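Okay, structure first, notes after.
The values are calculated or read from the model by the stated rules, or taken from the named source; none is laboratory data. Everything quoted here is computed from the prediction, not taken from an experiment. As a convention, Cβ positions derive from the backbone with ideal geometry for all residues, glycine included, and neighbour counts pool all protein chains shown.
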Amino acid sequence: MENRNKQKASLKLKFVPFLALRARIFELNNVNLNKFVEDLFRINPFIEETNTYSYEDYIFDQFSEEEDIYSFLEHQVNMLEIGEKKKTIASFIVNNLNEEGYLKIDLKEIVTHTGTCLKDVESTLKIIQTLDPPGIAARDLSECFILQLEREGSLSPKIKKIIKDYLPALSTGKLKDLSKRFGVSEEYLKKLRSRIGCLNPSPGLMFKEPKEQRKIPDLVIERDGDRFVALLNKGCRREFVISDAYRKALSALEKERKEEFEALLEKATWVMRAIEERDNLLLKIGDEIASINTDFFEGKRSFPEKISLSQLSEAHNISHSILSRLAQNKYILTPKGIFPVHFFIRRTGVSYNDEEVKARIKTLIEMEDKKNPLTDEMIASALKKDGIRMSRRTVAKYRNFLRIPHASKRKLDEG
């Protein structure tokens, strides 16, 4: 009985440093994990390098520098089968979008700078407006919304006119007058207002992220038939195995040396196990993101559905803190671009989608009467009608995050 208790105590003591090592490895992204393994090659003789994966190496090169909306659009333009003249126009348009993704210069100015005709500029602009993200290269908010809605299906001239000329009235709920004027049911206008509330008023800002030296994805989302699947990105990863030669040589060592090398072997085994667990759990997060975001990846939705780590924790019997640690400081490559993994994760205790709320607040302010701008309390009330409950103080926090001034500073003086 005494020996059995000693064995249990010994196993428990060994388990604690393993958990510490696992926690450290779970926090590492691909770049830092690579450095961690490189250090092991120098200090642990049981770590033996094998061939690295190579079929995904292009991901490392493609994203070694920051991806922004301009390079993302230029890449799409280069893939278009259009003549050099239109590519010149397209490149000029892309490079003259503002950071929110709008084209604010006059088309005649583009004609002058490119030495082309207005007809070519107009047709090229229409091509740019079919690229991702939806709503890009719009000339105003109404056009931005129309472009996004047309990705879901065609709009009648009547509905386009309502959005183009009566957006503030639609936003503030003056639906009865619009219904009479255009012969459209109030119920339809309510649904249209709700759809507009889910659109992205600033498509260019989807790519505005903190600068990083490198953004190498740990996960990749790819289409597989009629669905999207998650894959681990092992490009540029230093793969290793436990050395059989050193393992066999253990038996020939003296006791002290043998104990020293057995400890190194145990550490190597722990590292291999921890990395395997890291990869498997990270893939579960990727699978969850891929399974619920078909519409977002296909461009039918402006913002992603966010996963709940709490639900994922319960479904797979995994600690919430472990999943949270895994999601930090990692990137995911998707058909819509490269994003931090946490972009797809709902914050604990928050029932709404952060990205949609930001867009909704920005849309409300864009469409407000500038002589009587919306207060934070009025915005909170409008959000409540859409089923989003938050305090005036929380609205102010989001507004400040969007760098939008207080209502008193947005007010235009009469005359």
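Just to check your reading of the model, which residue among L170, L199 is part of a loop (DSSP other than H, G, I, E, B) and of a type in the set (A, V, I, L, M, F, W, C)?
L199
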Tell me whether segment 261-269 contains one or more residues that are under 24 Å from V220 (Cβ atoms), of a type in the set (G, A, S), in a helix (DSSP H, G or I) and not assigned by TED's automatic domain parsing to the domain that holds C198.
no
Do the conditions hold for E277, that is, is it of a type in the set (D, E) and modelled with pLDDT of 90 or more?
yes
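With K180, K176, K158 as the choices, which residue is more than 24 Å from D354 (Cα to Cα), loosely packed, with under 13 Cβ neighbours inside 10 Å and in contact (Cβ under 8 Å) with a residue 24 or more places away in the chain? Outline the logic, then answer.
Values: K180 fails: in contact (Cβ under 8 Å) with a residue 24 or more places away in the chain; K176 fails: in contact (Cβ under 8 Å) with a residue 24 or more places away in the chain.
From the options K180, K176, K158, the qualifying one is K158.
Taking helices (runs of 4 or more DSSP H) that do not extend beyond segment 43-162, which have at least 1 residues that are at pLDDT below 90 and closer than 30 Å to M367 by Cα? Give the derivation first.
On the way: elements: 57-62, 69-79, 84-95, 107-114, 118-128, 141-152.
Here the list reads 69-79, 84-95, 141-152.
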If you scan segment 221-234, which residues turn out to be crowded, with 20+ Cβ neighbours inside 10 Å and of a type outside the set (S, T, N, Q)?
I221, F228, A230
Among the residues that make up segment 386-397, is at least one of them touching a residue at least 24 places away in the same chain (Cβ under 8 Å), part of a helix (DSSP H, G or I) and not aliphatic (A, V, I, L, M)?
no
Residue in segment 314-335 that is touching a strand residue (DSSP E or B) at 6+ places or on another chain (Cβ under 8 Å) and of a type in the set (V, I, T) present
yes
Within the group E305, E256, which residue is out of contact with any Leu (no Cβ under 9 Å at 6 or more places or on another chain) and free of Cβ contacts under 8 Å to residues at least 24 places away in the same chain?
E256
Of (1) crowded, with 19+ Cβ neighbours inside 10 Å; (2) under 21 Å from the mean Cα position of the chain (by Cα), V271 satisfies every one except (2)
L383 versus (1) over 19 Å from Y166 (Cα atoms); (2) out of contact with any Lys or Arg (no Cβ under 7 Å at 6 or more places or on another chain); (3) modelled with pLDDT of 80 or more: which is the lone unmet condition?
(2)
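Would you please name the residue that is surrounded by the fewest Cβ atoms within 10 Å (Cβ to Cβ), looking only at residues in segment 183-208 that are hydroxyl-bearing (S, T, Y) and either in contact with a helix residue (DSSP H, G or I) (Cβ under 9 Å, 6 or more places away or on another chain) or modelled with pLDDT of 85 or more (or both)?
The initial filter retains those residues of segment 183-208 that are hydroxyl-bearing (S, T, Y), namely 185, 188, 194, 202.
With either in contact with a helix residue (DSSP H, G or I) (Cβ under 9 Å, 6 or more places away or on another chain) or modelled with pLDDT of 85 or more (or both) added as a condition, the list becomes 185, 188, 202.
Numbers: S185: 10, Y188: 13, S202: 23.
Among them, the one singled out is S185.
One line per residue, one yes/no per condition, for (1) modelled with pLDDT under 85; (2) under 30 Å from L231 (Cβ atoms); (3) of a type in the set (D, E, K, R):
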{"residue": "L312", "(1), (2), (3)": "yes, yes, no"}
{"residue": "N317", "(1), (2), (3)": "yes, yes, no"}
{"residue": "V341", "(1), (2), (3)": "no, yes, no"}
{"residue": "V350", "(1), (2), (3)": "yes, yes, no"}
{"residue": "M390", "(1), (2), (3)": "yes, no, no"}
{"residue": "A407", "(1), (2), (3)": "no, no, no"}
{"residue": "R410", "(1), (2), (3)": "no, no, yes"}
